[in-house]
Amino acid sequence: MKNKFKLSKNQRYDFDITIAGDTYAGEQALPYVRAALRSPDTIAKGYVRQIEGLNKSAVISEISSSNPIIAASCGFTSGANTSTSEQVLTLTDMKVNEEICRGTVFPTWFGQGMDRNGNLPQAFGDFLLETVAAKAAAQLEIALWQGASPFGTGFLSDDGTQDETGADASAMKDFSEVDFADALAAADILTDMASVYNTVASDLSGLLTKPGAGFYMNNKTYGFYIQALAAAGSNQGQVSGAGFNLNGDNMTYFGYPIYRCPGMFNDTIVFTYPENLVVGSNSNSGFQEVRLIPKYEYDGSDNVAIVMQFAMGVQTAVATDGVYGSTVWS
């Protein structure tokens with residue numbers, strides 16, 4: 001999926017629902033839950049593989065074969081050169097619990113039909129749910145890379161900390177390691193990227209022909225790369241003669257794409273391919289739920305509560321298909 005998920009363009013679901021019926025389960029919850037689960041940049045731009053409709057876990061199977069050709073004979077003798085591997089992706093149950101006071105937004109929404117004695121106007125209900133879903137998506141972008149509670153294991157760490165302990169327990173723990181001696185900077189980013197590339201070329205050359213294989217880094221590291229190209233001159237990195245574009249996603253290194261993932265740690269560069277980075281969720285499973293609860297009707301407050309329930313997790317498809325470059329390795 002190349003474009004960000006936008007609720008306004010989702011024609012499949014019926015948005016003509018009454019807020020007084022305050023539960024959005026099954027398909028009614030999908031527009032809001034999917035907005036939260038699909039909107040992180042890493043997911044929305046197609047830099048990973050998505051598996052939806054899971055309940056708790058999924059087994060990701062991979063078949064590999066090397067030198068399958070053997071001498072001809074009348075009988076059948078297996079070359080025994082094909083093997084399978086499995087990786088288990090486990091979902092973590094998560095939820096959103098938020099509350100907002102109607103009084104703080106009452107003047108703004110008065111023209112939309114909000115009153116003290118009636119139901120919440122549909123437009124206001126959609127506004128609340130879309131806003132909370134967007135904030136949840138921003139948090140998930142960080143979580144799927146860095147891990148930590150309540151998400152669990154991320155691609156780069158399992159505890160939200162950029163250190164070797166977290167990396168050794170991450171989804172990429174079996175990737176080949178490249179140790180950067182110093183924090184990344186524009187002055188040495190080309191050297192660091194070359195270190196990652198050289199490790200791929202010498203130890204994992206098969207990755208170089210995988211569809212979509214490329215470099216993963218955050219916005220700060222991407223900026224260092226643009227600066228390095230600008231300093232190198234010869235119009236490197238310029239877009240149609242219009243200068244250097246930090247907002248674009250069209251930069252390459254030796255022809256390999258660079259995937260900008262805001263949730264990644266600083267001082268980290270990964271080389272792998274999108275099909276190897278798997279994000280699973282229970283979206284489309286019927287187990288996700290969204291509630292917009294008019295608490296003001298029941299407890300004497302002036303509050304509206306927003307509750308979302310969903311599950312998500314990450315895993316690599318082939319545990320060793322990648323290079324993890326960072327300053328954390330010793």
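With label points built 7 Å along Cα→Cβ from the Cα atoms of CYS74 and ALA138, find their separation and express it in nm.
7.5
Could the peptides 161-174, 140-153 be put in order, highest first, of the mean number of other beta-carbon atoms found within 10 Å of their residues? Mind showing how you got there, number by number?
Details: 161-174: 18.4, 140-153: 20.8.
With the highest mean Cβ count within 10 Å placed first, the list reads 140-153, 161-174.
First measure r as the distance between the Cβ atoms of ASP302 and ASN198, then evaluate 1/(1 + (r/R0)^6) with R0 = 41 Å and state the FRET efficiency to the nearest 0.05.
Details: r = 62 Å, r/R0 = 1.51.
Using R0 = 41 Å, I get an efficiency of 0.10.
How far, in nm, would the chain grow between GLN50 and ALA231 when pulled straight, counting 0.36 nm per residue and subtracting the alpha carbon separation?
61.4 nm
So if R0 is 45 Å, what FRET efficiency would GLU98 and GLU164 give, r being the distance between their Cβ atoms, rounded to the nearest 0.05? Mind showing how you got there, number by number?
Values: r = 36 Å, r/R0 = 0.79.
E(calc), rounded to 0.05, equals 0.80.
We did not get these values from a lab; they are worked out from the coordinates using the rules stated. Just so we're clear, the structure is a prediction, and the values are computed from it rather than from any experiment. Quick reminder, even Gly has a Cβ in these numbers, built from the backbone with ideal geometry, and neighbours come from all protein chains shown.
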